[in-house]
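Working notes, beginning with the structure itself.
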Amino acid sequence: MDLDVSVLRLGHRVDRDKRMTSHLGLTARALGANRVILAGDNDKTPLETWRSVTSRFGGDFECRYEPKPMKWLKSFSKSGGKIVHLTMYGKSWKESIREIPIDGKVVIVVGGTKVPGELFGIADYNIAIGNQPHSEVAALAVFLDTYLGPVGEERFEGGEVSVMPSEDGKVLITKDDP
């Protein structure tokens, strides 16, 4: 499977969305996306968070800011990439997910503020995790887990720290540990 998955955070607002946007990128990374692209207010904080976590915990994960997201999406589509728009107004993910290719380039668009109406027209798939208001982070997590399946720990090699699963508490292993 040769799949390249991006997550585009559309409509980020510095004064309101810092934590939500940071969590969106962390979820994208943890559940198998190759990159997250920030659009909206140009805020370095989430980018720094994502880079820091990737450095500390390993893996190959890109992040960047996109000043013209709709233009970028149109170009992405023209180059053969598929656009998946997560929206509570879309078709049920349970019905739609099998239609989405599992190879090539895919961008998952997750809105913050009200998304431009034209997004519904340029998206290849307008998908709803549920038709009730809910967290965009939850929607992304459900979608990625269903679309990509479980993410193996080998994806996160090269970090300074790794987490050892434990029932009894927090167990971290650092590069310097024997």
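Being among the aliphatic types (A, V, I, L, M), more than 13 Å from Val5 (Cβ to Cβ) and surrounded by 15 or more Cβ atoms within 10 Å (Cβ to Cβ) is a property that Val84 lacks. Identify the residue in segment 82-106 that is touching an Asp or Glu at 6+ places or on another chain (Cβ under 8 Å) and in a strand (DSSP E or B) and, among all such residues, is nearest to Gly130 (Cα to Cα). Per the stated criteria, the residue is Leu86. Checking every residue in segment 40-50 against the condition of being in contact with a His (Cβ under 9 Å, 6 or more places away or on another chain) and of a type in the set (A, V, I, L, M) gives zero matches. Residues in segment 108-141 that are of a type in the set (A, V, I, L, M, F, W, C) and under 26 Å from Arg56 (Cβ atoms) were compared, and the one that is farthest from the chain's Cα centre (by Cα) is Ala138. The criterion of at least 3 residues that are out of contact with any Leu (no Cβ under 7 Å at 6 or more places or on another chain), within 20 Å of Ser6 (Cα to Cα) and not β-branched (Val, Ile, Thr) is met, among strands (runs of 3 or more DSSP E) falling completely within segment 107-178, by 125-128. Taken together, the residues in segment 9-59 that are more than 21 Å from Arg155 (Cα to Cα) and not polar (S, T, N, Q) amount to 19.
Considering segment 10-32, and only residues there that are more than 18 Å from Thr87 (Cβ to Cβ) and hydrophobic (A, V, I, L, M, F, W, C), the residue that is surrounded by the fewest Cβ atoms within 10 Å (Cβ to Cβ) turns out to be Val14.
Among residues of segment 98-115 that are of a type in the set (Ser, Thr, Tyr), those with a Cβ under 6 angstrom from a residue that is surrounded by 16 or more Cβ atoms within 10 Å (Cβ to Cβ), sequence gap 6+ or separate chain, pair up as Thr113/Gly11.
Since every read-out is calculated from the coordinates, none of them should be taken as a lab result. Here the structure is a predicted model, which means the values were calculated and not measured. Methodologically, a virtual Cβ is constructed for each residue, glycine included, from the backbone with ideal geometry; neighbour enumeration extends over all protein chains shown.
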